[in-house]
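Visitor: Mind having a look at this structure? Questions to follow.
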Amino acid sequence: MTAQNTHGDFSKLRAFFWPVHGFELKKLVPMLFIFFLLNFDYNVLRCMKDTLIITQQHSGAEVIPFIKVWVMFPTSILMTYLYVRLSNRFTKENVFYIMFSIFLSYYFVFTFFIYPNQESLHAHEFANKLQTMLPIGWKGFVAMCRYWTFTSFYVMSELWSNIILFLLFWGFANQVTKIGEAARFYGLFGIGTNLSGIVSGQVSILISEKAFNPNIPLGNDAWGQSLSLLLIIVLACGLLAMGFFRWLNVKVIRNEEIRDNVPKERKKLSMRENFRSLSTSKYMLSLALIVISYNIVINLCEILWKHEVRELFPNPRDYNIYMNQVTTIIGILATFSALVVSGNCIRKFGWTFTAMLTPVILLITTVGFFGFFFLKGQTEMIQSMFGIIPLQLVVLFGTMQNCCSRAAKYTVFDATKEMAFVPLTTDEKIKAKAAVDGVCNRLGKSSGSVIYQGLLLYCASIPAS
């Protein structure tokens, strides 16, 4: 890899910030635009999905573990199975179009048909019966059933990262990026990814702060109107990303395949074969364990933090504005990390050192967050020392933990994880991506949610858990 990096062709400053040859721009720039647009949509949807389901009258952060176990995990397996079946019949380019169209079609239907008719669609009577039958620790399960339309939106928005970003586009990037390019490009991909966090956060805040405009035929209140406008922007960015993807394939990738004599035949794959390959490969199994472990840790921290944020901001607009402010901060930190830390650490200190940065950051920030959470009862001491109520302090340190861990995830974690796929053969990449990103990613989050479900059944609430 070092031999193929050709850093000697660049000045020190350019090698540090932009180690790209002029002839590589036609390939790199469209990919950066696609990353930006796909991550812009993801960041908008990530905040919106939490706001929709958590801030409902009969809901809260308790609903998240139940959604991730009972709906997210089986749906992710189903979508991964669909991806594998499509990969056996179509080219990687056409698979992208088909899967991407499924998601965009759902958001179109949700925006113009499901959300405007939510009250008539929600299962309030069924949920009320469940509430009388189930223990209080199952409050989240009841809310999941009651607001099933918002549950479906949560699932599709959460799957955007697993299916669209990692399985489809990162899988595509790993197939068309050479090893020498990956060492220089993958750190830069984080720039487009994380700048989108800043832009999406500010756009969402700007739209969410707008008062209700009766001249716009969307929504019945300010929040409903803001949500509809944001989803229209999501659809527009999705179509634009598909256009860039089409141009990249027609003008660049196909020419490279012809020039390099890339074989067109593809071996047929199956889910069983994917997991057999995973279980027999120490290399792929290590990747799977890294992904599962990260998602368990982040899930355990995030649910508690979101519960505290909901306590501080019970109004949907306020909650959404705060979460998008957090997204903006994450984008700023992650952009700095992508420019200065991830790519340069990979090149100077190697893969292992860079891959270890994320778990170290997770350990330090998580200890700090839980430490202040356990001091929540010391009201007088906290007010005298910090001048704010304990809930505000817990939310503040939870936000710091989330910002640092997410920024590390979007840069050094993702860059090193995706680099680990590059040396594999084409068939191995498809198998590994389907198993690791398609299923193990969700398995980690579901495992954290199973832990929460067990605690909720015994302790009845998230703070007690």
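Visitor: Starting with the highest mean, order 353-360, 148-155 by the number of other Cβ atoms within 10 Å, averaged over the residues of each peptide.
Guide: 148-155, 353-360
Visitor: Put a dot 7 Å past each Cα toward the Cβ at GLU93 and ASN220; how far apart are the dots in nm?
Guide: 4.7 nm
Visitor: Now a separate question. What number comes out for the charge environment of VAL309, summing +1 per Lys or Arg and -1 per Asp or Glu over other residues with Cβ under 11 Å away?
Guide: For residues surrounding VAL309, the net value is -3.
Visitor: Let me ask something additional. So which trypsin sites (Lys or Arg not before Pro) in the range 163-210 pass both tests, a DSSP loop state and at most 16 other Cβ atoms within 10 Å of the Cβ?
Guide: Answer in residue order: LYS178, LYS210.
Visitor: Something else about it: In debye, nearest 20, what is the charge dipole magnitude of the chain about its Cα centre with +1 on Lys and Arg Cβ and -1 on Asp and Glu Cβ, if you could check?
Guide: Result for the chain is approximately 1300 debye, rounded to the nearest 20.
Visitor: Further question: To the nearest 10 degrees, how steep is helix 351-374 against the longest Cα principal axis of the chain, on a 0 to 90 scale?
Guide: The angle comes out at about 10 degrees.
Visitor: Take VAL326, VAL69, VAL109 and sort them by solvent-accessible surface of the protein heavy atoms, 1.4 Å probe, largest at the top.
Guide: VAL109, VAL69, VAL326
Visitor: So, for the range 1-155, what is the accessible surface per residue at a probe of 1.4 Å, expressed in square angstrom? Please list the in-between numbers first.
Guide: Working: 6900 Å² over 155 residues.
Using a 1.4 Å probe on heavy atoms only, each residue of the range 1-155 averages 45 Å².
Visitor: Now for a separate question. Roughly speaking, what is the stretch gain from VAL367 to SER152, that is 0.36 nm per residue apart minus the C-alpha to C-alpha distance, in nm to one decimal?
Guide: Net length gain for the segment: 74.1 nm.
Visitor: Quick check: net charge around TRP247, other residues with Cβ under 12 Å of its Cβ, Lys/Arg +1 and Asp/Glu -1?
Guide: Summing Lys/Arg as +1 and Asp/Glu as -1 gives +4.
Visitor: Got a number for carbon plus sulfur as a percent of the range 1-140's accessible area, 1.4 Å probe? Present the calculation step by step, with values, prior to reporting the outcome.
Guide: Numbers: 4340 of 6630 Å².
Of all accessible area on the range 1-140, carbon and sulfur atoms account for 65 percent.
Visitor: Per residue, how much accessible surface does the range 303-375 expose to a 1.4 Å probe? Answer in Å², no decimals.
Guide: Result: 45 Å² per residue.
Visitor: Below 13 angstrom from the Cβ of GLN325, what's the summed charge of the other residues (Lys, Arg +1; Asp, Glu -1)?
Guide: -1
Visitor: Show me, for the range 451-458, the HN-Hα J-couplings you get by feeding each phi into the Karplus relation (A = 6.51, B = -1.76, C = 1.60, θ = phi - 60°), rounded to Hz, glycine and proline as x.
Guide: 4, 5, 4, x, 5, 5, 5, 8
Visitor: Pop out the ³J(HN,Hα) list for the range 341-349 in order, Karplus 6.51 cos²θ - 1.76 cosθ + 1.60 with θ = phi - 60°, rounded to Hz; leave Gly and Pro as x.
Guide: These are the phi-based 3J(HN,Hα) values: 9, 4, x, 6, 5, 4, 6, 8, 10 Hz.
Visitor: Using per-residue counts of other Cβ atoms within 10 Å, averaged over each peptide, order 374-382, 55-63, 430-438 from highest down.
Guide: Sorting 374-382, 55-63, 430-438 by mean packing, highest first, produces 430-438, 55-63, 374-382.
Visitor: To the nearest 10 square angstrom, what accessible area does LYS417 show with a 1.4 Å probe?
Guide: 10 Å²
Visitor: Same structure again: Determine how large the accessible area of LEU457 is when every protein chain is in place; take a 1.4 Å probe and give Å² rounded to the nearest 10.
Guide: Spelled out: LEU457, probe radius 1.4 Å, area about 90 Å².
Visitor: Give me the extension gain from THR132 to LYS12: residue separation times 0.36 nm, minus the current Cα-Cα distance, reported in nm with one decimal.
Guide: 36.4 nm
Visitor: What is the magnitude of the charge dipole of the range 266-398 about its Cα centre, with +1 placed on the Cβ of each Lys and Arg, -1 on the Cβ of each Asp and Glu, and no other charges, expressed in debye to the nearest 20?
Guide: In debye, rounded to 20, the range 266-398 gives about 1020.
Visitor: How much mean residue ellipticity at 222 nm does the chain get from its helices, if each DSSP H run of length 4 or more adds -39500 (n - 2.57) and you divide by all residues, to the nearest 500 deg cm²/dmol?
Guide: Computed mean residue ellipticity for the chain: -23500 deg cm²/dmol.
Visitor: Can you send over the solvent-accessible area of MET385, 1.4 Å probe, protein chains only, in Å² to the nearest 10?
Guide: We get 130 Å² for MET385.
Visitor: What is the helix-to-structure angle for 25-54, meaning the angle in degrees between its Cα long axis and the longest Cα principal axis of the chain, kept from 0 to 90 and rounded to the nearest 10?
Guide: Orientation of helix 25-54: about 10 degrees from the principal axis.
Visitor: Applying the Karplus parametrisation 6.51 cos²θ - 1.76 cosθ + 1.60 with θ = phi - 60° to the phi angles of the range 432-438, what ³J(HN,Hα) value in whole Hz is obtained for each residue in order, glycine and proline being reported as x?
Guide: Ordered by residue, 3J(HN,Hα) equals 5, 5, 5, 7, 6, 7, x Hz.
Visitor: Among 292-304, 88-100, how do they line up from the highest to the lowest mean number of other beta-carbon atoms within 10 Å?
Guide: 292-304, 88-100
Visitor: Using 1/(1 + (r/R0)^6) with R0 = 60 angstrom and r between the beta carbons of TYR283 and GLU125, what's the FRET efficiency to the nearest 0.05?
Guide: E(calc), rounded to 0.05, equals 0.70.
Visitor: State, to one decimal in nm, how far the label point of ASN213 lies from the label point of LEU235, with both points 7 Å from Cα in the Cβ direction.
Guide: With each label point 7 Å from Cα toward Cβ, the separation is 1.7 nm.
Visitor: By how many degrees, between 0 and 90 and to the nearest 10, does the Cα long axis of helix 316-336 differ from the longest principal axis of the chain?
Guide: The answer is roughly 30 degrees.
Visitor: Can you give the FRET efficiency for LEU375 and VAL450, using 1/(1 + (r/R0)^6), R0 = 35 Å, r = Cβ-Cβ distance, to the nearest 0.05?
Guide: The calculated FRET efficiency here is 0.80.
Visitor: Still on this structure, please answer the following. If I take R0 = 41 Å and measure r between the Cβ atoms of LEU206 and VAL360 in this structure, what FRET efficiency does the formula 1/(1 + (r/R0)^6) give, to the nearest 0.05?
Guide: Calculated value: 0.70.
The values are calculated or read from the model by the stated rules, or taken from the named source; none is laboratory data. Keep in mind it's a predicted model, so treat the numbers as computed, not measured. Using ideal geometry, Cβ is built from the backbone for each residue, glycine included, and neighbour counts are taken over all protein chains shown. Keep in mind that these areas ignore ligands, DNA and RNA; they rest on the heavy atoms of the full protein, side chains included. Shrake-Rupley method; radii C 1.70, N 1.55, O 1.52, S 1.80 Å.
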